[in-house]
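Novice: Have a look at the structure that comes next, please.
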Amino acid sequence: MVGLPNNAGEQALYACQRELLGLFETLIDVIFCAKDLDGVYLEVNSAFVRRTGRRSKRDVIGTTAAEHFRPELAERYADQDRQVIAEGAPLHDQLELIRRPDGRLGWYLTTKIPVRGETDAVVGLVSVSRDLVLPSSPDDEWSRSVQRVVEHCRTHLDSALTLDELARVAGCSRSQLGRRVKRVLGVSPTQHVLRVRVEAATRMLAESDMPIVDVAGRCGFYDQSDFTKRFARLTNRTPAQFRTDARASAARGIIDAGPFS
């Protein structure tokens, strides 16, 4: 889905796009969609349908993000789409906090790739968001060392958590740390530290009356401004908005800041 075929091998691959799309139906932890230049969904998989809360693909194909998601979330997706289309370049590994179909919050890594037509002009894009589920039973040295890093991050939330420190905890070099964390967790060490901080912050915001500036300090952010900027970038809500929404959801009996995987 990246352009027209130029040789026999590419023609064969191009001809089996329906089969390739069918593969996404088997990936329950991967959200897939294809959009045109106007942000209209042309293809989605079942995981994406569950993400929208609709019953079938027919309820999603032909619609836009604004018809399914909160305004600030839909606008963020539109901003990402505009960037991919305008630059004609992929947007890789965007860390996002998204609600799973069961109502819990979960971390996803999103990549968007432009699709080109006959004249090589961008005619749309494809997007995948992968659920980042932390392994529960490490079965090799890489996984065990990364689990030590994960635990260290959780128990030293308000400290600097430098890459050198995390490498020492993992028992490897900084470059090895990056490879190990990426393979086991699917993100870079820096991205993991950020998601641990934001995850802890969501719990504090939802479950306590602690002032936001104190939440920022407890979770290792430089100050309240830094906390608000990073939190909003990942959740599409300011800390204050998240707290308000979490309490409203709790009043309705919905777990809005439940356990993360």
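The values are calculated or read from the model by the stated rules, or taken from the named source; none is laboratory data. Because the structure is a prediction, the values reported are computed rather than measured. Methodologically, a virtual Cβ is constructed for each residue, glycine included, from the backbone with ideal geometry; neighbour enumeration extends over all protein chains shown.
Novice: Which one is farthest from the chain's Cα centre (by Cα), of the residues in segment 124-145 that are at pLDDT 85 or above and farther than 15 Å from residue 96 by Cα?
Specialist: Looking at residues that are at pLDDT 85 or above and farther than 15 Å from residue 96 by Cα, I get 145.
Novice: Quick one: which residue in 91, 97 is assigned by TED's automatic domain parsing to the domain that holds residue 35 and within 22 Å of residue 221 (Cβ to Cβ)?
Specialist: 97
Novice: Another question about this same structure. Return the total of residues in segment 102-122 being charged (D, E, K, R) and outside any loop (DSSP other than H, G, I, E, B).
Specialist: Final tally of qualifying residues: 2.
Novice: Which of (1) modelled with pLDDT under 95; (2) of a type outside the set (A, V, I, L, M, F, W, C); (3) farther than 30 Å from residue 41 by Cβ is the odd one out, the single condition residue 168 does not satisfy?
Specialist: (1)
Novice: On to the next question. Among (1) at pLDDT below 95; (2) surrounded by fewer than 17 Cβ atoms within 10 Å (Cβ to Cβ), where does residue 107 come up short?
Specialist: Unmet for residue 107, out of (1) at pLDDT below 95; (2) surrounded by fewer than 17 Cβ atoms within 10 Å (Cβ to Cβ): (2).
Novice: Checking residue 67 against (1) touching a helix residue (DSSP H, G or I) at 6+ places or on another chain (Cβ under 9 Å); (2) among the acidic types (Asp, Glu); (3) closer than 21 Å to residue 238 by Cα: exactly one of these is not met. Which one?
Specialist: (3)
Novice: Considering only segment 123-141, I want to know if a residue exists there that is in a helix (DSSP H, G or I) and not charged (D, E, K, R).
Specialist: There is no residue in segment 123-141 that is in a helix (DSSP H, G or I) and not charged (D, E, K, R).
Novice: Say we look at segment 73-89 and pick out the residues that are surrounded by 14 or more Cβ atoms within 10 Å (Cβ to Cβ) and in contact (Cβ under 8 Å) with a residue 12 or more places away in the chain; which of these is farthest from residue 233 (Cα to Cα)?
Specialist: 85
Novice: Which one of the conditions (1) surrounded by 13 or more Cβ atoms within 10 Å (Cβ to Cβ); (2) touching a strand residue (DSSP E or B) at 6+ places or on another chain (Cβ under 9 Å); (3) modelled with pLDDT of 85 or more; (4) not in a strand (DSSP E or B) does residue 31 fail to meet, given that it meets all the rest?
Specialist: (4)
Novice: Next up: Taking residue 58 as the residue in question, decide whether it is over 17 Å from residue 129 (Cα atoms) and either more than 19 Å from the chain's Cα centre (by Cα) or in the same structural domain as residue 246 (by TED's automatic domain parsing) (or both).
Specialist: When the stated conditions are applied, residue 58 passes them.
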